[in-house]
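S.K.: Got a structure for you, questions after.
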Amino acid sequence: NQPSGGHNNLRAYGAVLRWQPFAGAEVTGVYGGFAGRDENPVPLFFPAGDALPPQIERGVDLGQSWDRRRAATQLTGFIAKLPLGDWRLDTGLFRSVKRSDAVFSDLFRGVRPDGSVTSRIIVADGDNQDESISGEMRLSHAFKTGIITHNVMVSARGRAKDRAFGGQATLSLGASTISKPDLRARPNYVLGANDHDRVRQMTFGLGYGLTWPGRGALNVSVSRSHYSKRVDFADPAATDLAVSSLPVLYNISGSVMLTRQITLFGGYVKGLEESLIAPDVATNRNEAPPAIITNQLEGGLRVALTPRLTLVATAFSVEKPYFGLDPAFRFGQLGSVRNRGIELSLTGQIVPGLTVVGGSVFLDPQIVGEAVDTGRIGPRPVGSVRRRSILNFDWKPARQSHWSFDSAIESTSSRIGNTSNRLLAPPRTTLALGARYRTIIGRAATLVRVQVTNVLNEYGWLVSNSGGFTYSPGRTAIAQLAIEL
C-alpha cells in the first residue's frame, strides 16, 4: 500500500560476486534491478494563489483505475582493484538501463482551500528508455619522503548516455477535487513519436595528494572534459539542440592540524554536472538542459571533543546556473543560484553504549538574474528550506550482545511553496523509534529490525522543485529480517 493511496507491486533483486585472484587484488561484479507494476502515480497539488491545500485524509486513492505505472531498471558492472608493483590500477565499467513502458503523472492545478481544483491533468507517457554506459580507469602511485606520503594519479573516465523520451499525451479532465476520489472513464489517446537525447563525455585528469602525519594533508587535481549533447526532436517544427564544451575542471583541498584536537580544512571545486530534467508539470516535460559548471568553496574546523566524539563546523558557498519553471510553466534557465550556508555535525560515542549522529544545515539560497529583477520569480528556489536538522541516537545496553535501540528526529524549517515566494509550507518535525535484535540461528547470523516512523503522526507538506505539494507519510511500522548464511 502506498502512503499516498492505492497500491503497487514492486520487486528488487541483486547479486554481488567478489573474486580475489591474488594478495591485494579484488574483482567485484554487480548485477541488480528494480521493477514496478500497477503503481499509482503520486498526486501533485499545485495551489491556487498563495494558500495551502487543505489537510485531506491520508492514504485515500485519488487515482484512476487505468493510470498504472510499469517500469524497470537494471544495472550491471564490475570494479577491479589491482596492485601493479609500486602502482595500483582501479577500474570500473557499468551499464544502466531504465525502461518505462507506461508512466502517468496526476497533476491537480489550481487547488483551493476548500479542496476544489480548477484543472486536473493526467500526463500519459510510455515507451521511454534511458541507457547509460560509464567507466573509469585510475592509475596511482604512492611513495614516501621521510614520513610524508605522496600519491600521484592519472585517470580517464567516460560515459555514453542515450535517452528516448517525449511523445506524451496530455489528458485534461477539467475541474475536480482532492477531497475524495473522482473517477473518470479512460479517454482515448495516442502517444506520439519519441525525442532522442544523446550525451557523450570523456574526461582525462591528473591528481596529486600529500599526507603529513600529525601536520595535515593536501590534494590537488585538474582535468579536461570533452562534453557533447544532442537532442533530436520528433516534431519537425522544433529546432534540434547540439552543444559541446571543453571545460578545464579542478579542485584543491587541504587540512592543517592546529593541535591534536583541532584541524582546519578547506577546499575549492570547479565541476561539471547534469542539470535537472524538466518536471511533469512543465510544458517542455522531460527535456534535459546541457551540463552546467558549478563552483564550490568551503572551509571549517574539525574538533575532537573526546577520542570518540567529533564536532565539525563548515561554511560553504555553491554557485551554479538555476533552472526552474517560469510563470508560463516552461522549464529553463532563469538565472544563477548561490547557496551559502553553515553545516554543523556531531558524531561518535557520548558514553559507552550510546552513540550519536546529528547535524544541522543553515542555508541561504539566493537566485540572481533578470527573472528576479523583473519580478517574474522570487529570489529563492521553490522547495528550498533555510534549515534542516537531524539527530540520531543508538543505544546498546551493557553486558549483552543481542539488543540495540535507536531514535531519529528530523526537523526542517518552512519550505518555499511557489515561484513568487509568497507561499510557505510550514516547518516539520518527525520522530522515529526502532530496535534491532541480533542472534545466531544454527550457523546463520540473523538480524530482526523493527521501526515506527513518524511516531506522532505529524501532518506536513512536502514541496518539489516544480511547486507540487504532497502530504507527508503518516505513522508507519516497518519490519525487516536479514539472514547471512
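S.K.: Which of the residues spanning the range 268-304 are more than 30 Å from residue 163 (Cβ to Cβ) and either free of Cβ contacts under 8 Å to residues at least 40 places away in the same chain or not hydrophobic (A, V, I, L, M, F, W, C) (or both)? Outline the logic, then answer.
M.R.: Going through the range 268-304, the residues more than 30 Å from residue 163 (Cβ to Cβ) turn out to be 268, 297-304.
Those that are more than 30 Å from residue 163 (Cβ to Cβ) and either free of Cβ contacts under 8 Å to residues at least 40 places away in the same chain or not hydrophobic (A, V, I, L, M, F, W, C) (or both): 268, 297, 298, 299, 300, 301, 302.
S.K.: For the range 274-282, does any single residue satisfy the condition of being of a type in the set (A, V, I, L, M, F, W, C), more than 30 Å from residue 469 (Cα to Cα), surrounded by 14 or more Cβ atoms within 10 Å (Cβ to Cβ) and within 24 Å of the chain's Cα centre (by Cα)? Break it down stepwise before answering.
M.R.: Of the range 274-282, the ones of a type in the set (A, V, I, L, M, F, W, C) are 276-278, 281-282.
Applying the additional criterion that residues be more than 30 Å from residue 469 (Cα to Cα) yields none.
No - not one qualifying residue is present in the range 274-282.
S.K.: Identify the residue in the range 197-211 that is open to solvent by less than 90 Å² (accessible area, probe 1.4 Å) and hydrophobic (A, V, I, L, M, F, W, C) and, among all such residues, is nearest to the chain's Cα centre (by Cα).
M.R.: Initially, the range 197-211 is screened for residues open to solvent by less than 90 Å² (accessible area, probe 1.4 Å), giving 197, 199-203, 205, 207-211.
Subset that is hydrophobic (A, V, I, L, M, F, W, C): 199, 202, 210.
Details: 199: 21, 202: 24, 210: 31 Å.
Only one residue fits best here, namely 199.
S.K.: Also, quick follow-up: Could you figure out which of (1) open to solvent by less than 50 Å² (accessible area, probe 1.4 Å); (2) in a strand (DSSP E or B) isn't true of residue 392?
M.R.: Exception for residue 392: condition (1).
S.K.: Moving on to the next point. Identify, please: which residue in the range 15-51 is open to solvent by 60 Å² or more (accessible area, probe 1.4 Å), part of a strand (DSSP E or B) and not acidic (Asp, Glu) and is, among those, farthest from residue 131 (Cα to Cα)?
M.R.: Only one residue fits best here, namely 19.
S.K.: Oh, and also: Can you name every one of the strands (runs of 3 or more DSSP E) wholly within the range 236-355 that holds 1 or more residues which are farther than 30 Å from residue 170 by Cβ and at pLDDT 95 or above?
M.R.: Values: elements: 241-245, 248-257, 262-273, 292-306, 309-325, 331-351.
Output list reads 248-257, 262-273, 292-306, 309-325, 331-351.
S.K.: For residues in the range 123-139 being part of a strand (DSSP E or B) and in contact (Cβ under 8 Å) with a residue 60 or more places away in the chain, which is farthest from residue 63 (Cα to Cα)? Walk me through how you get there before you give the answer.
M.R.: First pass over the range 123-139, keeping only residues part of a strand (DSSP E or B): 123-125, 128-139.
Now drop any that are not in contact (Cβ under 8 Å) with a residue 60 or more places away in the chain, which leaves 123-125, 128.
Details: 123: 13, 124: 13, 125: 16, 128: 22 Å.
Residue satisfying both the conditions and the ranking: 128.
S.K.: Got a sec? Which of 219, 251, 188, 194 is in contact with a strand residue (DSSP E or B) (Cβ under 6 Å, 6 or more places away or on another chain) and open to solvent by 70 Å² or more (accessible area, probe 1.4 Å)? Steps first, please.
M.R.: Details: 251 fails: open to solvent by 70 Å² or more (accessible area, probe 1.4 Å); 188 fails: in contact with a strand residue (DSSP E or B) (Cβ under 6 Å, 6 or more places away or on another chain); 194 fails: open to solvent by 70 Å² or more (accessible area, probe 1.4 Å).
When all the criteria are applied, what remains is 219.
S.K.: Which number in (1) over 20 Å from the mean Cα position of the chain (by Cα); (2) modelled with pLDDT of 95 or more; (3) of a type outside the set (Asp, Glu); (4) not in a loop (DSSP other than H, G, I, E, B) marks the one condition that residue 455 misses?
M.R.: Among (1) over 20 Å from the mean Cα position of the chain (by Cα); (2) modelled with pLDDT of 95 or more; (3) of a type outside the set (Asp, Glu); (4) not in a loop (DSSP other than H, G, I, E, B), residue 455 violates only (4).
S.K.: While we're on this one: Only residues that are open to solvent by less than 30 Å² (accessible area, probe 1.4 Å) and under 12 Å from residue 369 (Cβ atoms): list them for the range 327-337, please.
M.R.: Let us first name the residues in the range 327-337 that are open to solvent by less than 30 Å² (accessible area, probe 1.4 Å), namely 331-332, 334-335, 337.
332, 334, 335, 337 - these are the residues of the range 327-337 that are open to solvent by less than 30 Å² (accessible area, probe 1.4 Å) and under 12 Å from residue 369 (Cβ atoms).
S.K.: So which residues in the range 87-122 are in a strand (DSSP E or B), within 23 Å of residue 184 (Cα to Cα), of a type in the set (D, E, K, R) and open to solvent by 30 Å² or more (accessible area, probe 1.4 Å), if there are any at all? So that I can check it myself, show each step before the final result.
M.R.: So the first thing to find is which residues in the range 87-122 are in a strand (DSSP E or B), and the list is 87-111, 116-122.
Okay, now just the ones that are also within 23 Å of residue 184 (Cα to Cα), so 101-111, 116-122.
Subsequent filtering for residues that are of a type in the set (D, E, K, R) retains 101, 106, 109, 120.
Result: 101, 109.
S.K.: Looking only at the range 419-436, decide whether some residue is free of Cβ contacts under 8 Å to residues at least 60 places away in the same chain, within 30 Å of residue 329 (Cα to Cα), in a strand (DSSP E or B) and open to solvent by 50 Å² or more (accessible area, probe 1.4 Å).
M.R.: Yes: one or more hits.
The values are calculated or read from the model by the stated rules, or taken from the named source; none is laboratory data. Since we're looking at a predicted model, the values are computed, not measured. Cβ sites come from the backbone with ideal geometry, for glycine too, and all protein chains shown count toward neighbours. These area figures cover heavy atoms from the full protein model, side chains too; ligands, DNA and RNA do not enter into them. Shrake-Rupley method; radii C 1.70, N 1.55, O 1.52, S 1.80 Å.
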